[in-house]
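The values are calculated or read from the model by the stated rules, or taken from the named source; none is laboratory data. Bear in mind that the values here come from a model prediction, so they are computed numbers and not experimental data. Here the Cβ positions follow ideal geometry from the backbone for every residue, glycine too, while neighbour counts run over all protein chains shown.
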Amino acid sequence: MAYDSKGMLWIQTDGSDSNEEVSAGMGNNQMLVGNTETGEIARFMTVPNGSEVTGLTWSLDRKVAFFGVQHPGGSWPDGNGKPRSAVIAVWRDDGVTVG
């Protein structure tokens with residue numbers, strides 16, 4: 001979890017994709033953003049099945065958010081063409097801050 005410059009709470013999940021027992025209905029891991037004043041929580045994005053979201057940070061001007069997607073596809077990279085972990089950059093076309 002991380003707070004941005006506007007006081008919004010960003011939540012990154014790393015749970016089971018089994019959707020069974022305690023994970024029933026969870027779906028893929030995701031990044032949520034919560035308004036700490038209203039209590040509203042909204043989904044910002046989801047990641048591929050078997051992966052997790054990690055390491056949220058921002059550029060100094062807060063116009064770009066960076067986060068990691070670890071082991072997409074549910075298996076660690078092995079050099080044989082399987083999906084690779086990555087760092088993703090997200091920004092708005094209108095130049096407004098992301099966090």
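Which numbered condition trips up residue 34, out of (1) over 20 Å from residue 89 (Cβ atoms); (2) free of Cβ contacts under 8 Å to residues at least 24 places away in the same chain?
Condition not satisfied by residue 34: (2).
Which members of segment 41-52 meet the condition of being hydroxyl-bearing (Ser, Thr, Tyr) and not in a strand (DSSP E or B)? Can you show your working first?
Going residue by residue through segment 41-52, those that are hydroxyl-bearing (Ser, Thr, Tyr) are 46, 51.
Across segment 41-52, the qualifying residue is only 51.
So residue 55 passes all but one of these: (1) more than 22 Å from residue 94 (Cα to Cα); (2) assigned to a loop (DSSP other than H, G, I, E, B); (3) not basic (Lys, Arg). Which condition number does it fail?
The failed condition is (2).
Return the pairs, sorted by first residue and then second, in which the second residue is surrounded by 12 or more Cβ atoms within 10 Å (Cβ to Cβ) and modelled with pLDDT under 95, the first residue lies in segment 38-60 and is within 13 Å of residue 26 (Cα to Cα) and basic (Lys, Arg), the beta carbons are less than 8 Å apart, and the residues are 6+ apart or on different chains.
Pairs that qualify, where the first residue is within 13 Å of residue 26 (Cα to Cα) and basic (Lys, Arg) and the partner is surrounded by 12 or more Cβ atoms within 10 Å (Cβ to Cβ) and modelled with pLDDT under 95, are 43/30; 43/31; 43/32.
Quick one: residue 69 ticks every box in (1) in contact with a Ser or Thr (Cβ under 8 Å, 6 or more places away or on another chain); (2) part of a loop (DSSP other than H, G, I, E, B); (3) β-branched (Val, Ile, Thr) bar one, so which box is it?
Status for residue 69: all satisfied but (2).
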